[in-house]
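This report refers to the structure that appears directly beneath it.
The values are calculated or read from the model by the stated rules, or taken from the named source; none is laboratory data. Everything quoted here is computed from the prediction, not taken from an experiment. As a convention, Cβ positions derive from the backbone with ideal geometry for all residues, glycine included, and neighbour counts pool all protein chains shown.
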Amino acid sequence: MDRRFLEENIINLKGIGEKTAKLFEKCGVFTCEDLLTYYPRAYDTFDTPLAVCDLKSGLVCACKLTIVGNIARRHVRKLSIVAFEAADQTGKVKITYFNAPYLASSLKPGTTYIFRGMVQKKGSFFTMDQPKMYKSEEYAALMGTMQPRYPLVKGLTNNAVIKAVNQAIMNVGAIEEFVPDDILKRLELISFSDAVREIHFPQNSEKLEKARRRLAYNEFLLFVLKLRLLKQNSDEIINTFPMDESSEADALLDRLPYKLTNAQISAWNDIKNDLGSKHVMNRLIQGDVGSGKTIVALLTLLTCAANGYQGALMAPTEVLAAQHYESFKEIIENYEIKSLRPVLLTGALTAKEKREAYRLISEGEANCIIGTNALIQEKVNYKNLAVVVTDEQHRFGVRQREALAGKGENTHVLAMSATPIPRTLAIILYGDLHISIINELPGGRLPIKNCVVGTDYRPKAYKFIQNQIEAGRQAYVICPMIEEGELDGVENVMDYTEKLRSNLPQSINVEMLHGKMKPAQKDAIMDSFARKEIDVLVSTTVIEVGINVPNATVMMIENAERFGLSQLHQLRGRVGRGEHQSYCIFLNTSESKDAIQRLDIMNKSNDGFKIAEEDLRQRGPGDLFGVRQSGELGFKVGDIYHDADLVKESAMDADRILAMDPDLLLPQHRVMKQILAPKSANFFDFTTL
């Protein structure tokens with residue numbers, strides 16, 4: 001394979017002009033390499049159509065039906081609804097389309113189509129919302145195949161992506177291997193080239209799983225190798241910022257209206273020992289949602305400032321950074337802390353505000369810098385940066401952490417994560433860090449009340465949300481998808497927002513939030529929610545790492561069976577942060593016994609670490625290309641729970657490779673070294689890990 005084919009701009013592919021290339025760019029696709037790793041988010045499997053009497057609630061089914069009766073059209077607020085009944089000899093199905101008014105005139109009673117979509121049972125009858133319609137000959141051509149469904153932006157069609165990927169696969173040809181043959185044989189992994197082809201165009205589900213497994217191993221091996229190489233370079237770095245314990249930190253602990261938990265004290269002792277040791281600190285604080293990691297971070301930065309140095313805290317969103325800043329300022333004022341002088345630095349600041357922040361930082365007047373990625377921009381010059389804290393570690397890459405630490409010399413690093421990964425996996429996945437675990441919650445918090453319900457509970461859930469809002473509270477509703485059409489039978493934010501507006505009084509303000517919005521727009525919406533200007537926030541999992549809104553007491557998660565347990569726990573952690581009783585409603589749209597058993601774990605436990613262990617034990621293949629089940633550490637294909645065996649194998653293989661060839665200089669490791677090179681443009685760029 002000639003690497004020039006991989007590095008070729010996609011505009012050179014047949015059928016891709018400037019306009020289409022710009023649409024691909026919005027998806028992060030610039031080269032053939034990017035295109036080959038732009039994996040499908042789902043696959044459509046076209047099975048034999050079922051009779052109405054054989055339909056099963058909670059599953060995507062195809063059914064050959066004839067439209068009967070009238071086609072009704074109505075409006076509810078801004079929502080256009082077209083509804084009708086369709087039947088075969090064994091029964092009827094009620095079919096509904098939203099925001100598709102043209103169907104009222106194009107569909108005729110007596111015509112027959114194959115309808116394919118999510119089936120739900122309401123009382124004694126079946127329903128389908130937004131099913132796809134096919135003529136019999138169209139559906140027959142698709143039967144027995146697996147058709148890829150890609151994440152799209154407006155203007156980019158699924159067929160355009162399919163054609164482009166097909167061309168890229170043909171042009172690139174065989175992809176050079178970097179995994180040693182003995183590993184491929186031992187783990188029974190297919191070739192790299194076969195894996196890329198089958199991940200896009202699988203012949204069947206068995207070959208799809210083999211492709212996914214091979215690509216997952218690639219991700220894990222390269223990730224662990226990168227961490228091992230980092231650890232080799234950092235373990236022996238001498239501590240040039242030795243720090244004594246701070247009397248101000250001790251005084252703050254004495255004056256706080258609560259006592260630290262034993263787990264918090266243990267983590268704080270680990271940090272103090274690191275700061276005063278011979279070598280630099282590289283530590284991860286892994287704590288459950290609401291376990292009190294922030295006060296430990298503040299104590300760390302206070303100790304740093306009291307010793308005459310600067311510290312920085314990097315958060316994943318501007319709203320979260322601003323929240324940390326206001327929280328720190330409040331504690332400083334309330335407890336008269338003299339040595340800690342914070343400044344906020346985010347992209348939302350005006351040019352004048354940024355210049356002033358740069359000045360305070362470079363001159364050392366500010367010794368606690370709180371912000372986002374803005375902290376690692378070239379214009380930011382620190383006077384004596386000694387400690388770097390990253391909040392929500394799994395949202396930042398190894399590169400980002402290195403970049404911030406690189407703003408100082410031999411800087412101490414403290415990473416924090418609320419993702420309760422089982423310790424056996426955390427030791428591997430955070431291999432360049434020592435780990436402290438905070439596995440206790442502060443006293444005085446009311447446990448969240450959970451319930452797992454079916455779709456027939458929706459009206460009661462809406463009424464419950466209404467009652468909570470009328471009592472002065474707020475609510476989140478989570479949908480897996482952003483817009484209609486991404487996956488059949490899965491709730492999406494755009495339609496659901498309108499649906500909820502039509503089911504709740506007009507006095508209740510319902511707004512939406514999703515990942516395709518610009519960062520400033522997302523931050524503005526989250527800020528409005530925090531200021532109680534929004535009553536119900538309909539969102540994707542973008543709020544998984546969000547802000548602290550103590551007034552939000554309801555979390556309702558649609559299609560809950562499509563998420564991993566640890567992600568459900570993260571989402572649930574958005575509520576239960578204030579004095580009021582909080583509730584989490586898991587809406588299960590599947591009749592699968594596995595789904596019911598998994599969600600029952602959430603129903604019975606609020607302990608993130610227990611849930612993570614259960615997730616690891618129970619995780620099956622799931623819908624790994626529909627809704628991301630875990631998403632930890634930014635892996636595109638690998639799932640650390642489902643693929644726990646591969647994570648462990650990759651760690652052992654990485655250790656064997658580096659024991660034999662520490663600098664990857666042997667001929668068989670040439671491609672591996674090239675991929676791991678800092679500026680290498682390749683399939684596995686670690687800037688996102």
Original post:
For the subset of region 305-325 comprising residues that are farther than 18 Å from Gln377 by Cβ and at pLDDT below 90, which member is surrounded by the most Cβ atoms within 10 Å (Cβ to Cβ)?
Top reply: Val319
Subject >> Hits in region 646-660 (condition: closer than 15 Å to Leu184 by Cα and over 24 Å from the mean Cα position of the chain (by Cα)) >> reply: Glu649, Met652, Asp653, Ala654, Arg656, Ile657
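Restricting attention to region 609-620, does a residue exist that is touching a strand residue (DSSP E or B) at 6+ places or on another chain (Cβ under 9 Å), modelled with pLDDT of 70 or more and among the hydrophobic types (A, V, I, L, M, F, W, C)?
Within region 609-620, the first condition is being touching a strand residue (DSSP E or B) at 6+ places or on another chain (Cβ under 9 Å), and the residues that meet it are 609.
So of that shortlist, the ones also modelled with pLDDT of 70 or more come out as 609.
From what is left, the residues that are among the hydrophobic types (A, V, I, L, M, F, W, C) are 609.
There is at least one residue in region 609-620 that is touching a strand residue (DSSP E or B) at 6+ places or on another chain (Cβ under 9 Å), modelled with pLDDT of 70 or more and among the hydrophobic types (A, V, I, L, M, F, W, C).
Surrounded by fewer than 17 Cβ atoms within 10 Å (Cβ to Cβ) and out of contact with any Cys (no Cβ under 7 Å at 6 or more places or on another chain): is that true of Glu198 in this structure? Let's see the steps before the verdict.
Working: surrounded by fewer than 17 Cβ atoms within 10 Å (Cβ to Cβ): no; out of contact with any Cys (no Cβ under 7 Å at 6 or more places or on another chain): yes.
Against the criterion (surrounded by fewer than 17 Cβ atoms within 10 Å (Cβ to Cβ) and out of contact with any Cys (no Cβ under 7 Å at 6 or more places or on another chain)), Glu198 does not qualify.
Only one of these is at pLDDT below 90, buried (at least 21 other Cβ atoms within 10 Å of the Cβ) and either outside the structural domain of Arg572 (by TED's automatic domain parsing) or of a type in the set (Lys, Arg) (or both): Arg445, Arg401. Name it.
Working: Arg445 fails: buried (at least 21 other Cβ atoms within 10 Å of the Cβ).
The unique qualifying residue is Arg401.
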Original post:
Name the pairs: first residue in region 663-676 and free of Cβ contacts under 8 Å to residues at least 24 places away in the same chain and more than 16 Å from Val224 (Cα to Cα), second residue loosely packed, with under 14 Cβ neighbours inside 10 Å and not acidic (Asp, Glu), Cβ to Cβ under 8 Å, at least 6 apart or on different chains?
Top reply: Leu666/Met660
Original post:
Of Ile525, Ile585, which residue is free of Cβ contacts under 8 Å to residues at least 24 places away in the same chain, buried (at least 20 other Cβ atoms within 10 Å of the Cβ) and over 18 Å from the mean Cα position of the chain (by Cα)?
Top reply: Ile525
Original post:
Is it true that some residue in region 147-156 is in contact (Cβ under 8 Å) with a residue 12 or more places away in the chain, more than 28 Å from the chain's Cα centre (by Cα) and more than 22 Å from Leu103 (Cα to Cα)?
Top reply: no
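One line per residue, one yes/no per condition, for (1) surrounded by 14 or more Cβ atoms within 10 Å (Cβ to Cβ); (2) at pLDDT 80 or above; (3) among the polar types (S, T, N, Q):
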residue	(1), (2), (3)
Ile601	yes, yes, no
Phe635	yes, yes, no
Ser650	yes, yes, yes
Thr687	no, no, yes
Original post:
Can you name the residue in region 334-358 that is within 32 Å of the chain's Cα centre (by Cα), hydrophobic (A, V, I, L, M, F, W, C) and buried (at least 21 other Cβ atoms within 10 Å of the Cβ) and, of all such residues, is nearest to Thr294 (Cα to Cα)?
Top reply: Leu344
Original post:
Within region 59-79, restricting attention to residues that are closer than 27 Å to Asn588 by Cβ and touching a helix residue (DSSP H, G or I) at 6+ places or on another chain (Cβ under 8 Å), which residue is surrounded by the fewest Cβ atoms within 10 Å (Cβ to Cβ)?
Top reply: Val76
Subject >> Meets criteria (over 29 Å from Arg572 (Cβ atoms), not charged (D, E, K, R) and not in a strand (DSSP E or B)) for Leu302 >> reply: yes
**OP:** Determine the pairs where a residue that is over 18 Å from Asn492 (Cβ atoms), located within region 89-108, has a partner that is of a type in the set (D, E, K, R) and modelled with pLDDT under 85 with Cβ atoms under 9 Å apart, the partner being 6 or more residues away or on another chain.
**Re:** Lys94/Lys122
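Please pick out the residue among Thr96, Thr37, Thr127, Thr48 that is among the hydroxyl-bearing types (Ser, Thr, Tyr) and closer than 19 Å to Gln147 by Cβ.
On the way: Thr96 fails: closer than 19 Å to Gln147 by Cβ; Thr37 fails: closer than 19 Å to Gln147 by Cβ; Thr127 fails: closer than 19 Å to Gln147 by Cβ.
The conditions single out Thr48.
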Original post:
Which of the residues spanning region 72-126 are more than 23 Å from Pro49 (Cα to Cα), at pLDDT 85 or above and among the β-branched types (Val, Ile, Thr)?
Top reply: Ile81, Val82
Original post:
Of the conditions (1) among the charged types (D, E, K, R); (2) touching a Pro at 6+ places or on another chain (Cβ under 9 Å); (3) surrounded by 20 or more Cβ atoms within 10 Å (Cβ to Cβ), Glu579 fails just one. Which one is it?
Top reply: (3)
Original post:
Has region 503-516 got any residue that is surrounded by 21 or more Cβ atoms within 10 Å (Cβ to Cβ) and in contact (Cβ under 8 Å) with a residue 40 or more places away in the chain?
Top reply: no
**OP:** Take the residues in region 270-290 that are surrounded by fewer than 24 Cβ atoms within 10 Å (Cβ to Cβ) and small (Gly, Ala, Ser), then tell me which one is nearest to Leu441 (Cα to Cα).
**Re:** Gly290
**OP:** Please tell me if Val52 is aliphatic (A, V, I, L, M), at pLDDT 90 or above and closer than 30 Å to Gln203 by Cα.
**Re:** yes
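Pick out the one residue from Ile361, Ile376, Ile331 that is among the β-branched types (Val, Ile, Thr), surrounded by fewer than 22 Cβ atoms within 10 Å (Cβ to Cβ), in contact (Cβ under 8 Å) with a residue 40 or more places away in the chain and in contact with a strand residue (DSSP E or B) (Cβ under 9 Å, 6 or more places away or on another chain).
Values: Ile361 fails: surrounded by fewer than 22 Cβ atoms within 10 Å (Cβ to Cβ); Ile331 fails: in contact with a strand residue (DSSP E or B) (Cβ under 9 Å, 6 or more places away or on another chain).
Only one candidate qualifies: Ile376.
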Original post:
So how many residues does region 98-120 have that are closer than 23 Å to Gly454 by Cβ and within 31 Å of the chain's Cα centre (by Cα)?
Top reply: 6
Subject >> Spans of helices (runs of 4 or more DSSP H) in region 106-209 with at least 3 residues assigned by TED's automatic domain parsing to the domain that holds Gly91 and not basic (Lys, Arg) >> reply: 136-142
Original post:
Which residues, taken from region 652-671, are aliphatic (A, V, I, L, M), surrounded by fewer than 21 Cβ atoms within 10 Å (Cβ to Cβ) and not in a loop (DSSP other than H, G, I, E, B)?
Top reply: Met652, Leu658, Ala659, Met660, Val671
Subject >> Residues satisfying the stated conditions in region 276-299, i.e. without any contact (Cβ under 8 Å) to a residue 40 or more places away in the chain and either farther than 23 Å from Arg574 by Cα or not assigned by TED's automatic domain parsing to the domain that holds Gly408 (or both) >> reply: Gly276, Ser277
